[in-house]
Amino acid sequence: QVQLVESGGGLVQPGGSLRLSCAASGSILNVYVMGWYRQAPGKQRELVASMPTKGGTVYADSVKGRFTISRDNAKNMVYLQMYSLIPEDTAVYYCNAGVSVFGSTVGYLEVWGQGTLVTVSS
């Protein structure tokens, strides 16, 4: 059993900043890629940023230069630092991780957090 729990969402004015956190817990053998997705009302879920265990990053074009993803592998955590927020960033943000778990015959499992709402509005 693996869980991802996000925190840090909330209401922020345009131009503001926010930091999201995600903690993975449970019977984890290994955590591979961790990332953030978001889903705005009426839109499909999209990748915001992702980061493999050993580094390297992928960002959506819409957030490049404004968002920064980082990880603390010792704590099984991933963060999303968001700057210069705009109303279009309003969405439910979901943490995602690829993991292997104790006792599983499957080598790689996708796990999702419950989501945290980010609202950018004046």
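With an 8 Å Cα cut-off and a minimum separation of 6 or more residues, compute the relative contact order for the chain in percent. Display every interim value, and only then the final one.
Working: 309 pairs, mean separation 44.9, N = 122.
Relative contact order of the chain: 37 percent.
Only protein heavy atoms count here; on that basis, with a 1.4 Å probe, Asp61 has an accessible area of about 130 Å². For the chain, the alpha carbon positions stretch 49, 27, 22 Å along the principal axes, listed from largest to smallest.
Any idea how far the Cα center of the range 55-77 sits from the one of the range 86-109, in Å? Value for the Cα centre distance between the two parts: 13 Å. Each of Ser70, Ser62, Ser21 has its accessible area taken with a 1.4 Å probe; listed largest first, they run Ser62, Ser70, Ser21.
The magnitude of the dipole of the chain, with charges of +1 and -1 set on the Cβ of Lys/Arg and Asp/Glu and taken from the Cα centre, is near 160 debye. Modelled label positions at Ser25 and Thr105, each set 7 Å beyond Cα in the direction of Cβ, lie 3.0 nm from each other. When Trp112, Trp36 are compared by accessible area of protein heavy atoms, the largest-first order is Trp112, Trp36, using a 1.4 Å probe.
In the chain, a dipole from Cβ-located charges (positive for Lys and Arg, negative for Asp and Glu) runs towards its positive end, and of Thr116, Leu4, Leu29 it is Leu29 whose Cα lies farthest in that direction. In the complete set of protein chains, residue-level accessible area for Ile86 is approximately 70 Å², probe 1.4 angstrom. For the set Phe67, Phe102, the ranking by accessible area, highest first and with no ligand, DNA or RNA atoms included, is Phe102, Phe67 under a 1.4 Å probe.
Rounded to the nearest 0.05, what FRET efficiency do Asp61 and Ser17 have when you use their Cβ-Cβ distance and R0 = 25 Å? Walk me through the numbers before you get to the answer.
Details: r = 20 Å, r/R0 = 0.80.
Calculated value: 0.80.
Find the accessible area per residue for the chain; the probe is 1.4 Å, ligands and nucleic acids are left out, and the unit is Å².
52
Only protein heavy atoms count here; on that basis, with a 1.4 Å probe, Thr68 has an accessible area of about 70 Å².
The values are calculated or read from the model by the stated rules, or taken from the named source; none is laboratory data. For clarity, every value in this text was computed on a predicted model and none was experimentally measured. Backbone-built Cβ (ideal geometry, glycine too); neighbour counts: all protein chains shown. With ligands, DNA and RNA removed, areas are computed over all heavy atoms of the protein, side chains included. Shrake-Rupley method; radii C 1.70, N 1.55, O 1.52, S 1.80 Å.
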